[in-house]
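The values are calculated or read from the model by the stated rules, or taken from the named source; none is laboratory data. Computed from a prediction, not measured in an experiment: that's the story for all the values here. Methodologically, a virtual Cβ is constructed for each residue, glycine included, from the backbone with ideal geometry; neighbour enumeration extends over all protein chains shown. Surface areas here come from the heavy atoms of the whole protein model, side chains and all, with no ligands, DNA or RNA. Shrake-Rupley method; radii C 1.70, N 1.55, O 1.52, S 1.80 Å.
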Amino acid sequence: MSHTALITGGSKRLGAAMSLALAESGWNIALHFHSSRPEAQELQSRIESLGVKCTLHQANLQSSSEANRLLMEVLELNPRLEVLVNNASVFDKSPLIEVTEEVFDRQFNLNFRTPFFLMQKYSGSQKTGQIVNILDTKISTNQAPNYTAYNLSKKALMHLTQMAALDFAPGIRVNAIAPGPVLPAEGISENEFQRIVYETPLQHEISPQAIGRALIYLIDNTSLTGQILYFDNGSHLI
């Protein structure tokens, strides 16, 4: 019996790594993208070469109506949707003193509001299933002065993960992955990225493929819910 997962922002970076990891494990993929159609089409070909199905779904998840349309579109094709991965996010530099309403709304719309309502609607459509939210190791600290609005939105999503784990039990499990420095953020040089990696306790690079394996770990372990899996070389301990 085939299984299907919807991965938001699934065509690039960590989203692509998780899409491939699930596909390699025999999962069909509902692949969401916003503007990266060429990357999505290329990844679709790679996934389908593994012998599973991959459908493409374009939506601007800053829009509530587009997010709702996305889920309805995927559910129409896959009434039994086993996994929802809330991965799509934005990462704007925003020191607290400089946060504008536009930056605040941009972070919270995509990083928190959209996952909130996708989770709500998903739970209403499935008797059993799983939700995995992608967070950030920065949720463990208040020392993220250059990314205040981003960090607040991910902290909110962390608490939502744990609240939903209780609300949606026993049918739906809700967990999260909090990555550390896996890929350089936009505007970060390779040298700066290597410095960030070296400042972690384990001091080595974290591969995107490892995040894919972490996703499979959460999916396969049926007693896990409300868990935040820090995949960050121990950064959350600092």
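Please report the net charge: other residues with Cβ closer than 15 Å to the Cβ of Ile172, K and R +1, D and E -1.
Numbers: positive: Arg80, Lys121, Lys127, Arg173; negative: Glu82, Asp167.
Net charge around Ile172: +2.
Here the 3J(HN,Hα) profile of the range 67-76, calculated from phi with Karplus coefficients 6.51, -1.76 and 1.60 at θ = phi - 60°, is 5, 5, 4, 4, 5, 5, 5, 5, 5, 5 Hz, Gly and Pro shown as x. Only helices enter the 222 nm calculation for the chain: every DSSP H run of n ≥ 4 contributes -39,500 (n - 2.57), and dividing by all residues gives -13500 deg cm²/dmol, rounded to 500. Total lysine pairs in the chain at Cα distances under 15 Å, for residues eight or more apart or on different chains: 4. Extension gain for Asn142 to Ser49 (0.36 nm times residue separation, less C-alpha to C-alpha distance): 29.1 nm. Between the entries (i) -0.41, -1.11; (ii) -0.27, -1.19; (iii) -0.53, -1.24, the label attached to log10 I(q)/I(0) by the Debye sum over Cα atoms at q = 0.08, 0.16 Å⁻¹ calculated for this structure is (ii). Coupling constants for the range 197-214 follow from the phi torsions by the Karplus curve (6.51 cos²θ - 1.76 cosθ + 1.60, θ = phi - 60°), and in residue order they are 4, 5, 7, 7, x, 8, 6, 9, 5, 9, 7, x, 4, 5, 5, x, 5, 5 Hz; glycine and proline get x.
Electrostatic tally near Ser25: other residues with Cβ closer than 10 Å to its Cβ, Lys and Arg +1, Asp and Glu -1, net -1. Simple spin-label estimate for Arg213 and Ser63 gives 4.0 nm between the two label positions (7 Å along the Cα-to-Cβ direction from each Cα). Just the accessible area for Glu39, please: 1.4 Å probe, Å², rounded to the nearest 10? Taking all protein chains as shown, Glu39 has close to 80 Å².
Taking Cβ atoms as reference points and 11 Å as the exclusive limit, the residues near Tyr150 contribute a net charge of +3, counting Lys and Arg as +1 and Asp and Glu as -1. Based on C-alpha pairs under 8 angstrom that are at least 6 apart in sequence, the range 101-238 has a relative contact order of 29 percent.
Full-extension gain between Gln41 and Arg195, please, as 0.36 nm times their residue separation minus the C-alpha to C-alpha distance.
On the way: separation 154, 0.36 × 154 = 55.44 nm, distance 3.40 nm.
Length gained between Gln41 and Arg195: 52.0 nm.
Amide H contacts under 5 Å for Leu229: Ala176, Ile177, Ala178, restricted to partners 5 or more places along the chain or on a different chain, H placed in the peptide plane at 1.01 Å from N. The phi torsions of the range 113-127, fed into the Karplus equation with coefficients 6.51, -1.76 and 1.60 and a -60° offset, translate into couplings of 4, 4, x, 4, 7, 5, 5, 4, 6, 4, 5, x, 9, 10, 6 Hz, rounded to whole numbers, with Gly and Pro shown as x.
Computed from the Kirkwood radius of its Cα pairs, the Stokes-Einstein diffusion coefficient for the range 59-99 at 20 °C and 1.002 mPa s stands at 171 µm²/s.
Per residue, the chain exposes 49 Å² of solvent-accessible protein surface, assessed with a 1.4 angstrom probe and all protein chains in place.
Spin-label model, Ile188/His204: points 7 Å from Cα along the beta carbon direction are separated by 1.9 nm. Take the Cβ atoms of Asn221 and Leu56, set R0 to 30 Å, and the FRET efficiency comes out at 0.50. Our analysis of the range 173-227 gives Rg over Rh at 1.08, with the two radii drawn from alpha carbon positions and Rh computed by the Kirkwood formula.
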